[in-house]
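Visitor: This is the structure I want to talk about, given as structure tokens.
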Amino acid sequence: MEWRDQGIILAVRPHGETSAIVEVLTREQGRHAGLVRGGRSRSMRPILQPGNQITVNWRARLSEHLGMFQIEADDLTAGLVMEDRTALAGLNAACAIAVMSLPEREAHPQVHAGFELLLNAFDNPDIWPALYVRWEAGLLSDLGYGLDMSACAVTGVTEDLTHISPRTGRAVCREEAAPYAPKLLELPPFMAGSGKIEDGDIARGLALTGYFLERRVLWPIDKQLPEARGRLMAELERVGRL
């Protein structure tokens, strides 16, 4: 059994004295793990870092086996992100969410494409926090739990959508939401398509996607949002971008 694909390193853990088990998010094979012999060597350590974009070749005797990875570096994004504490928190959160949420060996090319866009935006602190929120929303959609922000669930209007129903995931306009606002989730305008980001919108967006990630994706498999995501929120608050 063998395949070759482009991917993003999500996680690395030691295996034995010299090897490592690496999890990657690939375009065609989805989230996939493999053993890298010599993965803890000095030459491989800079390559086997979460966030790095690589080309990976996987081989195994049977498809259900862990298999062996041969990894070639394409873009060592991790080294640049490590110089920015806030961007590093965003990278760690995205990797943790992908590991916890995505089924193993199931292709999600849109999630992979969105992750690539996020990686390429980490050098722009005015843009990437909103892209991160959109990436989580896209991940929900790809898993079958997408938020319907196209029209008000009550009236059908497509403008002034301000809230999301926690029960249905459908948008509600301002007028219809007003009597029930405390029970609804706020929908930041940039997620509804306005493109303008106001103070507090990133926090509202993370609260919205976090709610559905927890209840629709993680709780059914007895998991909670990873600590890395909480650290991201704390870091965004520290720098005044939440």
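Visitor: Go through 89-98, 154-163 and give me the packing order, highest mean Cβ count within 10 Å leading. Walk me through the numbers before you get to the answer.
Guide: Details: 89-98: 24.2, 154-163: 15.4.
Answer by packing, highest mean first, reads 89-98, 154-163.
Visitor: Pop out the ³J(HN,Hα) list for region 161-176 in order, Karplus 6.51 cos²θ - 1.76 cosθ + 1.60 with θ = phi - 60°, rounded to Hz; leave Gly and Pro as x.
Guide: Each residue of region 161-176 in turn: 7, 10, 9, 10, 6, x, 8, 9, x, 9, 6, 9, 6, 4, 4, 6 Hz.
Visitor: By the gyration tensor of its Cα atoms, with a ≥ b ≥ c the square roots of the eigenvalues, what is the shape of region 1-69: rounded for a/c under 1.5, prolate for a/b over b/c, or oblate? Numbers along the way, then the final one.
Guide: On the way: a/c = 1.97, a/b = 1.21, b/c = 1.62.
In terms of gyration-tensor shape, oblate.
Visitor: Using the Karplus curve 6.51 cos²θ - 1.76 cosθ + 1.60 with θ = phi - 60°, work out ³J(HN,Hα) for each residue of region 74-86 in order, rounded to whole Hz, and write x for Gly and Pro.
Guide: Working through the residues one at a time gives 10, 8, 8, 4, 4, x, 6, 5, 5, 7, 10, 4, 6 Hz.
Visitor: Quote to one decimal, in nm, the extra length available between ASN124 and ARG174 on full extension: 0.36 nm per residue of separation minus the C-alpha distance between them.
Guide: Additional length available on full extension: 14.8 nm.
Visitor: Take MET68, project a point 7 Å from its Cα along the Cβ direction, then tell me which residues of region 11-42 have their backbone nitrogen under 12 Å from it.
Guide: Residues passing the 12 Å test: 35-38.
Visitor: Between beta-carbons, use under 13 Å as the cut-off and find the net charge around LEU213, counting Lys and Arg +1, Asp and Glu -1.
Guide: Net charge in that neighbourhood comes out at +1.
Visitor: Could you state the principal axis extents of the C-alpha atoms in region 79-150, from the largest down, to the nearest angstrom?
Guide: Computed over the Cα atoms, the extents are 35, 31, 16 Å.
Visitor: Could I ask something else about it? Could you tell me how many cubic angstrom of Cα convex hull volume region 1-118 has per residue? Could the numbers behind the result be given before it?
Guide: Numbers: hull volume 11.4 nm³, N = 118.
About 96 Å³ per residue, rounded to a whole number.
Visitor: Now for a different question. SER19: net charge of surrounding residues, Cβ under 12 Å, Lys/Arg +1, Asp/Glu -1, itself excluded?
Guide: Working: positive: ARG13, ARG37, ARG40; negative: GLU17.
Combined, the nearby Lys, Arg, Asp and Glu give +2.
Visitor: With no solvent and one point on each alpha carbon, what is the Debye value of log10 I(q)/I(0) for region 102-242 at q = 0.10, 0.12 Å⁻¹?
Guide: -0.34, -0.50
Visitor: So how much slack lies between GLU17 and THR155, counting 0.36 nm per residue of separation and subtracting their Cα-Cα distance, in nm?
Guide: Net length gain for the segment: 43.4 nm.
Visitor: Quick one: accessible area per residue over the chain, 1.4 Å probe, rounded to a whole number of Å²?
Guide: 51 Å²
Visitor: Rounded, prolate or oblate: which one fits region 190-242, using the alpha carbon gyration tensor with axes a ≥ b ≥ c (rounded when a/c is under 1.5, else prolate when a/b beats b/c, else oblate)?
Guide: oblate
Visitor: Then there's this: What number do you get for region 70-120 when its Cα radius of gyration is normalised by 2.2 N^0.38 Å, N = residues? Walk me through the numbers on the way to the answer.
Guide: Numbers: Rg = 12.0 Å, N = 51, 2.2 N^0.38 = 9.8 Å.
So the Cα radius of gyration is 1.23 times the expected 2.2 N^0.38 Å.
Visitor: Using a 1.4 Å probe over the heavy atoms of the protein chains, calculate the carbon and sulfur portion of the accessible area of region 175-242 as a whole percent.
Guide: The value for region 175-242 is 48 percent carbon and sulfur by accessible area.
Visitor: How large a share of the accessible area of region 1-123, in percent, is made up of carbon and sulfur atoms when the probe is 1.4 Å and the other protein chains stay in place?
Guide: Reported share for carbon and sulfur atoms: 49 percent.
Visitor: State the extension gain, in nm to one decimal, for the chain segment bounded by MET1 and ALA181, taking 0.36 nm per residue of separation less the distance between their alpha-carbons.
Guide: 59.4 nm
Visitor: Could I ask something else about it? Would you kindly calculate the mean projected area, averaged across all directions, of the convex hull enclosing the Cα atoms of region 158-209, in square nanometres?
Guide: Average of the hull's projected areas for region 158-209 equals 3.5 nm².
Visitor: For the chain, what's the radius of gyration and Dmax over Cα atoms, in angstrom?
Guide: 19.3, 62
The values are calculated or read from the model by the stated rules, or taken from the named source; none is laboratory data. Not measured: the values here are computed from a predicted model. With ideal geometry, Cβ positions are generated from the backbone for all residues, glycine too; neighbour counts draw on all protein chains shown. Surface areas here come from the heavy atoms of the whole protein model, side chains and all, with no ligands, DNA or RNA. Shrake-Rupley method; radii C 1.70, N 1.55, O 1.52, S 1.80 Å.
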